[in-house]
Amino acid sequence: MINIFEVNETNKMIEQENLDVRTITLGISLLDCIDSDLKQLNHKIYEKITRTAKDLVAVGKEIEANYCIPIVNKRISVTPASLVGGAACRTPEDFVTVAKTLDAAAREVGVNFIGGYSALVSKGMTASDENLIRSIPQALAETDYVCSSVNVGSTKTGINMDAVRLMGGVIRQTAEYTKERDSFGCAKLVVFCNAPDDNPFMAGAFHGVTEADAVINVGVSGPGVVKTALEAVRGESFEVLCETIKKTAFKITRVGQLVAKEASKRLGIPFGIIDLSLAPTPAIGDSVADILHEIGVEYAGAPGTTAALALLNDQVKKGGVMASSYVGGLSGAFIPVSEDQGMIDAVQAGALTLEKLEAMTCVCSVGLDMIAIPGDTPAATISGIIADEMAIGMVNQKTTAVRLIPVIGKGVGETVEFGGLLGHAPVMPVNPYSCEAFVGRTGRIPAPIHSFKN
Amino acid sequence: MENTAEKTIITVVGKDTVGIIAKVCTYLSENGINVLDISQTIVSGYFNMMMIVDMSRAQVSFASCQKGLDEVGAGLGVSVKCQRAEIFEKMHRI
């Protein structure tokens, strides 16, 4: 039988160490909404989302109350809109009406975000894909809840450099369209390589075409719990360090598994996966950078950081895998800058640069995340940064992503404020040398040799 | 008792005072909630009690039991928490 010490340990994690379930994300297929009439399409999308997700928020709140564990976000992911809207949308403006429908449906059911305003173009773009991508700046400026992602590369297909070039411009334009809000639109836009079909985390969540009609995916969190557990083993060997992370990750993930199974049962929707992620928030004590500090580097970014992060990421997976029946999504430690107070401190101390962050993304999920850069950064340079990050994902057979915010009107040293879970960020310097001639080449980078496994 | 579906953990934390257990137990008995186990300890000078209760024949819903216990706790100046037992069982048992 459960004893008082175990009960106290769990409640201490929740009350003092920010243990929470970061998100319950309901994936909904919109393939059966496809229609060649735009009005009909929007009607069907709204109807399907509001019908399927009508109890999501209420059930989430009920589970929170039953176990006294915060479930921070309730979200929806849908089939990539470029596929759903292809038959009806002839122009980028047509796609914007789909974005507005998604936004209205999200508002109606009360979720925090809806993801899937997406296109999958890792090898080539259809006319529909291109229209959707070109509509992103307007769609994100004119909606509140919609998140967008574009998959521009994969280990199997290589990198679609035409899409990479296009995205550099789209990110800049999104920044321009939302410049009066510190270019906030860019916080809702991710560029991926090897994007997973079942990711519950925003802004990159979409409901892949290989998925069932509806599915529940859950993302766990808990950097604060890992940090506190590590405080007790300061100075111990790597063996002890790794065992401690594994045991803690197991406990955190079991809570996620419980919440996922309960949500699935109460909503009558199948359980998909648990995403084993250490997702930080700007709250004090909820930081991945603080874990790296506890492992032994003065600031995130100091020499040793990449090794410490590699170790952390691996142990989280090893502990988490046994705690859940199905693991998927991004599953790894997140290193967003604006959403992690320890990372912000590291940038402000001069310890963490864009280049070091890029190195760190080789060993963890997900990529260059929530990084504010100067507003005058050229589109080609943004494309170059995307290409570098995509290459890391392609060659290492892992997901990588880029979520950069060129803050219009701001330069290095200034700070942007996004509020809430998105936090605040110092504008970071970008390498000033040009890559225009590289980005200007057309076509795609071929898949790497080790992708040919058949 | 092995059926965890209705097993609930009640924790009480706060400054020790006369009648904490009595008042909590009175509320539980008035609402048809059976106490299976009680343990108690002092954590950093604070009174800390855990009860395992069975709510399968409770006359109130889980939510109103939580509210009722909140009120009992407020009257005593302690915090009372009521959680389904599975969260602890999943976390601490393989």
> Quick one: A:Y46 ticks every box in (1) aromatic (F, W, Y); (2) within 14 Å of another protein chain (Cβ to nearest Cβ); (3) farther than 30 Å from A:L276 by Cα bar one, so which box is it?
Replying inline: (2)
>> Residue under question is A:L26, and the condition is that it be aliphatic (A, V, I, L, M), at pLDDT below 95 and buried (at least 24 other Cβ atoms within 10 Å of the Cβ); does it hold?
In response: no
> without any contact (Cβ under 8 Å) to a residue 60 or more places away in the chain and either touching a strand residue (DSSP E or B) at 6+ places or on another chain (Cβ under 9 Å) or aliphatic (A, V, I, L, M) (or both), is that true of A:I373?
Replying inline: yes
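Which ones in region A:54-70 are within 14 Å of another protein chain (Cβ to nearest Cβ) and in a helix (DSSP H, G or I)? It would help to see each step written out before you state the result.
At the first step, the residues of region A:54-70 found to be within 14 Å of another protein chain (Cβ to nearest Cβ) are A:58-59, A:61-70.
Scanning region A:54-70 gives A:A58, A:V59, A:K61, A:E62, A:I63, A:E64, A:A65, A:N66, A:Y67.
Okay, residues lined up against (1) in a helix (DSSP H, G or I); (2) touching a residue at least 24 places away in the same chain (Cβ under 8 Å):
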| residue | (1), (2) |
| --- | --- |
| A:M1 | no, no |
| A:F5 | yes, no |
| A:N11 | yes, yes |
| A:E15 | yes, no |
| A:N18 | no, yes |
| A:D35 | no, yes |
| A:K39 | yes, no |
| A:I45 | yes, yes |
| A:I49 | yes, yes |
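Identify the residue in region A:1-18 that is more than 10 Å from every other protein chain (Cβ to nearest Cβ) and more than 19 Å from B:F47 (Cα to Cα) and, among all such residues, is surrounded by the fewest Cβ atoms within 10 Å (Cβ to Cβ).
Step one: filter region A:1-18 for residues more than 10 Å from every other protein chain (Cβ to nearest Cβ), giving A:16-18.
Remaining after also requiring more than 19 Å from B:F47 (Cα to Cα): A:17-18.
On the way: A:E17: 19, A:N18: 23.
Among residues in region A:1-18 that are more than 10 Å from every other protein chain (Cβ to nearest Cβ) and more than 19 Å from B:F47 (Cα to Cα), the one surrounded by the fewest Cβ atoms within 10 Å (Cβ to Cβ) is A:E17.
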> Which number in (1) within 14 Å of chain B (Cβ to nearest Cβ); (2) among the charged types (D, E, K, R); (3) more than 18 Å from A:F113 (Cβ to Cβ); (4) out of contact with any helix residue (DSSP H, G or I) (no Cβ under 9 Å at 6 or more places or on another chain) marks the one condition that A:R51 misses?
Replying inline: (1)
>> Could you check region A:191-208 and list, in sequence order, the residues that are of a type in the set (S, T, N, Q) and closer than 11 Å to A:G115 by Cβ?
In response: A:N199
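Condition check: among the hydrophobic types (A, V, I, L, M, F, W, C) and either more than 17 Å from A:N217 (Cα to Cα) or more than 14 Å from every other protein chain (Cβ to nearest Cβ) (or both). Does A:I274 satisfy that?
On the way: among the hydrophobic types (A, V, I, L, M, F, W, C): yes; either more than 17 Å from A:N217 (Cα to Cα) or more than 14 Å from every other protein chain (Cβ to nearest Cβ) (or both): no.
Considered against the rule, which asks whether it is among the hydrophobic types (A, V, I, L, M, F, W, C) and either more than 17 Å from A:N217 (Cα to Cα) or more than 14 Å from every other protein chain (Cβ to nearest Cβ) (or both), A:I274 comes out as no.
For region A:403-430, enumerate the residues that are part of a loop (DSSP other than H, G, I, E, B), aliphatic (A, V, I, L, M) and more than 20 Å from A:D144 (Cα to Cα). First the steps, then the outcome.
First, pick out the residues of region A:403-430 that are part of a loop (DSSP other than H, G, I, E, B): A:408-414, A:418-419, A:423, A:427-430.
Within this subset, residues satisfying the condition of being aliphatic (A, V, I, L, M) are A:408, A:412, A:427-428, A:430.
A:V412, A:V427, A:M428, A:V430 - these are the residues of region A:403-430 that are part of a loop (DSSP other than H, G, I, E, B), aliphatic (A, V, I, L, M) and more than 20 Å from A:D144 (Cα to Cα).
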> Going by the structure shown, is A:S154 in contact with a Phe, Trp or Tyr (Cβ under 7 Å, 6 or more places away or on another chain) and either modelled with pLDDT of 95 or more or not aliphatic (A, V, I, L, M) (or both)?
Replying inline: no
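Is there a residue being within 14 Å of chain B (Cβ to nearest Cβ), closer than 30 Å to A:F334 by Cα, in contact with a strand residue (DSSP E or B) (Cβ under 7 Å, 6 or more places away or on another chain) and aromatic (F, W, Y) anywhere in region A:111-120? Let's see the steps before the verdict.
First, the residues of region A:111-120 that are within 14 Å of chain B (Cβ to nearest Cβ): none.
No, the conditions are met nowhere in region A:111-120.
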> What is the number of the single condition among (1) touching a residue at least 60 places away in the same chain (Cβ under 8 Å); (2) among the hydroxyl-bearing types (S, T, Y); (3) away from every other protein chain (no Cβ under 14 Å) that A:T253 does not meet?
Replying inline: (3)
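In the set A:A81, A:A88, which member is over 21 Å from A:K188 (Cα atoms) and either at pLDDT 95 or above or in contact with a strand residue (DSSP E or B) (Cβ under 9 Å, 6 or more places away or on another chain) (or both)? Steps first, please.
Numbers: A:A81 fails: over 21 Å from A:K188 (Cα atoms).
Just one listed residue meets the conditions, A:A88.
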>> Name the residue that is surrounded by the fewest Cβ atoms within 10 Å (Cβ to Cβ), counting only residues in region A:65-80 that are of a type in the set (S, T, Y) and within 25 Å of A:F95 (Cα to Cα).
In response: A:T79
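Can you find even one residue in region A:110-126 that is more than 21 Å from the chain's Cα centre (by Cα) and in a helix (DSSP H, G or I)? It would help to see each step written out before you state the result.
Step one: filter region A:110-126 for residues more than 21 Å from the chain's Cα centre (by Cα), giving A:123-126.
Okay, now just the ones that are also in a helix (DSSP H, G or I), so none.
Checked region A:110-126: no residue is more than 21 Å from the chain's Cα centre (by Cα) and in a helix (DSSP H, G or I).
Which of the residues that make up region A:146-200 are of a type in the set (F, W, Y) and farther than 30 Å from A:G272 by Cβ? Break it down stepwise before answering.
Here is the first cut: in region A:146-200, the ones of a type in the set (F, W, Y) are A:177, A:184, A:192.
Of everything in region A:146-200, just one residue is of a type in the set (F, W, Y) and farther than 30 Å from A:G272 by Cβ, namely A:Y177.
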> Would you pick out the residues in region A:97-137 that are over 18 Å from A:K48 (Cβ atoms) and among the β-branched types (V, I, T)?
Replying inline: A:V121, A:T126, A:I133, A:I136
> Only one of B:Q40, B:Q83 is under 24 Å from A:L258 (Cβ atoms) and touching a strand residue (DSSP E or B) at 6+ places or on another chain (Cβ under 7 Å); which?
Replying inline: B:Q83
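Can you confirm whether region A:221-229 contains a residue that is closer than 17 Å to A:S325 by Cα, within 23 Å of the chain's Cα centre (by Cα) and of a type outside the set (V, I, T)? Break it down stepwise before answering.
Pass one, region A:221-229, residues closer than 17 Å to A:S325 by Cα: none.
No: zero hits.
For every residue, the table says whether it meets (1) touching a Leu at 6+ places or on another chain (Cβ under 8 Å); (2) surrounded by fewer than 23 Cβ atoms within 10 Å (Cβ to Cβ).
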site	(1), (2)
A:Q348	no, yes
A:L354	yes, yes
A:L357	yes, no
A:G367	no, no
A:D388	no, yes
A:I392	no, yes
A:V395	no, yes
> Taking into account only those residues within region A:147-185 that are out of contact with any Lys or Arg (no Cβ under 7 Å at 6 or more places or on another chain) and part of a strand (DSSP E or B), which is surrounded by the fewest Cβ atoms within 10 Å (Cβ to Cβ)?
Replying inline: A:S154
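So which helices (runs of 4 or more DSSP H) stay within region A:258-362 end to end and still have 1 or more residues that are among the aromatic types (F, W, Y) and closer than 22 Å to A:G419 by Cα?
In region A:258-362, there are no helices (runs of 4 or more DSSP H) which contain 1 or more residues that are among the aromatic types (F, W, Y) and closer than 22 Å to A:G419 by Cα.
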>> Residues that are surrounded by fewer than 16 Cβ atoms within 10 Å (Cβ to Cβ), without any contact (Cβ under 8 Å) to a residue 40 or more places away in the chain and more than 11 Å from every other protein chain (Cβ to nearest Cβ), at least 2 per element: which helices (runs of 4 or more DSSP H) completely within chain B meet that?
In response: B:20-30, B:62-76
> Looking only at region A:204-248, which residues are surrounded by fewer than 24 Cβ atoms within 10 Å (Cβ to Cβ) and assigned to a loop (DSSP other than H, G, I, E, B)?
Replying inline: A:G208, A:V209, A:T210, A:E211, A:A212, A:D213, A:A232, A:V233, A:R234, A:G235, A:E236, A:S237
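The values are calculated or read from the model by the stated rules, or taken from the named source; none is laboratory data. Values in this document were obtained by computation on a predicted structure and should not be read as measured data. Note: ideal-geometry Cβ built from the backbone for every residue, glycine included; neighbour counts use all protein chains shown.
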